[in-house]
1. Under a cut-off of 18 Å between alpha-carbon atoms, report the lysines in cross-link reach of B:Lys108, not counting same-chain residues fewer than 8 places apart.
2. Please sort by residue number the trypsin sites (Lys or Arg not before Pro) in segment B:47-114 whose DSSP state is loop and whose Cβ has at most 11 other Cβ atoms within 10 Å.
3. For B:Arg367 and A:Val50, what does the FRET efficiency come to when R0 = 41 Å and r is the distance between their Cβ atoms, rounded to the nearest 0.05?
4. Straight distance only, please: which lysines reach the Cα of B:Lys436 with their own Cα at less than 20 Å, same-chain residues fewer than 8 apart left out?
5. Could you work out the mean count of beta carbons from other protein chains within 10 Å of each residue's beta carbon in B:486-498?
6. What does the accessible area per residue of segment B:32-141 come to in Å², with a 1.4 Å probe and no ligands, DNA or RNA counted?
7. Might you work out the accessible area of A:Thr200 for me, using a 1.4 Å probe with all protein chains in place, and round it to the nearest 10 Å²?
8. Would you work out which of A:Ser29, B:Ile215, B:Gly333 lies farthest towards the positive end of the dipole of the protein assembly as shown, given +1 charges on the beta-carbon of Lys and Arg and -1 on that of Asp and Glu, about the Cα centre?
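The values are calculated or read from the model by the stated rules, or taken from the named source; none is laboratory data. These numbers come from a predicted model, not from an experiment. Backbone-built Cβ (ideal geometry, glycine too); neighbour counts: all protein chains shown. All accessible areas refer to the heavy atoms of the entire protein, side chains included, with ligands and DNA or RNA removed. Shrake-Rupley method; radii C 1.70, N 1.55, O 1.52, S 1.80 Å.
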Amino acid sequence: MSELTESVESVKSQGKEQFWKKLISKFGSLLALIILMIVLTIMSDRFLTVNNLTNIARQSSINALLAIGMLLPILTAGIDLSVGSILALSIMIMGVVSINLQMGPVVGIIACLAIGAGFGLLNGLLLTKLRLPHPFISTLGTMNIARGIALIITGAAPIAGFPYMIQFLGSEFAGPIPISFLLVIVVYTLFHIFLTRSQTGRYIYAIGGNKEAARLSGINVDRVLIIVYTISGFMAGLAGLVLVGRVNSAFPLAGLTYELDAIAAVIIGGASFFGGVGTVWGTLIGALIIAVLRNGLNLLNVSADFQMTVIGLVIIAAVYVDVLRQRKSKSN
Amino acid sequence: MYEALFEMKNIYKSFQNNHVLKGVDFHVRPGEVHVLLGENGAGKSTLIKILTGAYSMDQGEIIWQGKHVQINSPIESMELGIATIYQELNVIPELTVYENIFLGRELKKGGKYSLLDRKAMIERAEELLIRLGQNPKLATTPLNKLGMGQQQLVEIAKALILDAKVLIMDEPTSSLSGGEVEQLYKIVDQLREEGIAIIFISHRLEEIRRLGNRITILRDGLSIETVDVATTDTDYWIELMVGRSLDEKFPKKDFTRGEVGFRIENFKVTADSPALNMDIHYGEIVGISGLVGAGRTEFARAIFGADKRHAGKIYIDGVEQNIQSPRQAIDAGIAFITEDRKSEGLLLDLPLDFNVCLANMKSFKGRGNLLSPAAMRNQAETYVQELKIRPSNIELHARNFSGGNQQKVVIAKWLCTKAKVFIFDEPTRGIDIGAKVEVYRLINRLVEEGALVVLISSDLPEILGMCDRVLVMNQGNITANLPIVEATQEAVMKAATLGA
């Protein structure tokens, strides 16, 4: 709110046109989401119903959890391609531990999150200790490794019949609101505080802004990167837990290409691929835009193939708008 | 036939409400070195960008050899015969000299889609190299095997192959070593004799004296005056540039010399480099002079823990410090103002307050271990006031400040760490004279308040003007330790160039 009043004050003298330009550049993706929702409301009478909105909230939550994890590597000018595979491995291990080995839901949940964080840690170590040139490579490797192990452990068979405690996050509701969406709100709030108010959080932006300047300012860059990839992996485990709750099954091909949707959400949400720029709430809006778009196209009976095409166009359009904006601000 | 090669008349250019050029006149003759002089923000680069077609002007006219012309794009500018050597070279290090020279205009054996004529290109490149006084065999050497000076010659060769009539050189000597600078001067002399007009941008007044024929001085978007170098003195240029007379270029203050506060003992940067010793006393500024590549920056980086050192001890106030990383150096009270503020000093796309607080974030922690944005803003505001950082908007990204103000932001970052030892590496490179004096005053203030200051600089007048003692480095070794009274230009150059 204070940001808004500030920008209002600072542009008072510059006339209305300027004001709108600033507003659009600051809240552009939110505006896009609202316009999208208005259009869908007009085009389909089934869109703006409690039932459907509940659906969108549920459908968006897994991607939202992966995307907020993905935001961190992208802020450091990196990427994490392994989250979809880590998700699959985490839930397979959870299935094996809690069901096949009958160690109970608590141990299962812990195993799920620990595998996620552990694989993330591995990503971080590969990047910083082996000095692999770019996280695209290290996470491309672990993406295949994690998926491979997920397939190996049960011989590609799914595991079903999870206890209530494991299903809780993904299946329960508080009134009309899915618990998974409440989880998203809580997680995003925590991430917002982490990224804006904690030392490590600010260091993440610094490293993305200029790694060498950050190092020479006394920042332990390796340590921060390891934390970043560990958190991203942990979020993949958490998203897996929600997925299992929703479908009551763990299967080794779960989360296939989910990393791409997560990257899309972060980019649509205004983060820069070159690091240093991006916000938590932008990412949430990015994830919601993708979910609303998918949902809307479903309501309008658009085929899945065509949906992919549309989402591809949205990604390009969103980034292009950003490019135009930056070109403008730089030439000023 | 025409006295002027080209004239730019009454040029106006604004960006939104910011009027950068407010009626600039600029006339260049063939066969002259015409210096553009002005403080950062005076409009030099905007004027050049209009000439090279990167910007379009709002008003004004350009007359090229007596004819009105429009320059709407970089290509149109190039076709007129305007070439630019930027400060940051525009070469591809992996490609050879001849490939770089012909990049984008390769010679072919036949039509547009035929194969490249390597032999013809190499021959032409060899001719050019000879013309520039170089060994023709370099034509097939990859650029990353060459020094900065020779890489720059490749850029000049690129301009010559285009048959350029105007060569714009933007601070061409700022990253060259002494020998390379001399070589460049000779080439500039030669090109001038061949009738090429050279627009030379530089902050180094000695260099302008050596090379320039005329100077056009810009200030606040106006062309103040065009003067002949031979008949005017340096102080007059400065006066025109800053709009007032500067009392002194180097506001040196003398303080009482105290105890040794900072000591470097038997310090080896690498296994086979010589052992270095250095004592810095309270109340003195110690300069480190030397040619580019003498190992000064490497020495400083190793002290600061930015690079690993092979051996050596570091003492502050007699206490040995364990420094293996920048973090440990900062905690020990050392600040390192790096040579290249854009790539090593600043987070260009993050706001000023963030940049200022970056190296000492832990001191802004409040409740629940969370950072206090208000405390960070306050700290930044304080430094903006103290160092007169302009514009005084702490939310502005570092990219949007001029060179001098960016340098102040970097210095503020280090003041914020409450450091005791300040190692400045080329702190005034590329900033204008007014800002330079401010940096010098700040260094004075630091010494006065009890800091230990090392000033690494390639600008010898600066070293001689500001320091109490001069160390000279040569091939990784410290070859002289001169009190300022003995440090003449000759003595320093001798120690910097003779066999170590």
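1. B:Lys119, B:Lys158
2. B:Arg105, B:Lys109, B:Lys112
3. Details: r = 39 Å, r/R0 = 0.96.
For R0 = 41 Å, the calculated efficiency reads 0.55.
4. Partners found: B:Lys44, B:Lys249, B:Lys252, B:Lys253, B:Lys342, B:Lys388, B:Lys408, B:Lys413.
5. Per residue, the average neighbour count from other chains is 0.
6. Values: 5910 Å² over 110 residues.
I get 54 Å² per residue for this part.
7. So the heavy atoms of A:Thr200 present about 30 Å² to solvent.
8. Of the listed residues, the answer is A:Ser29.
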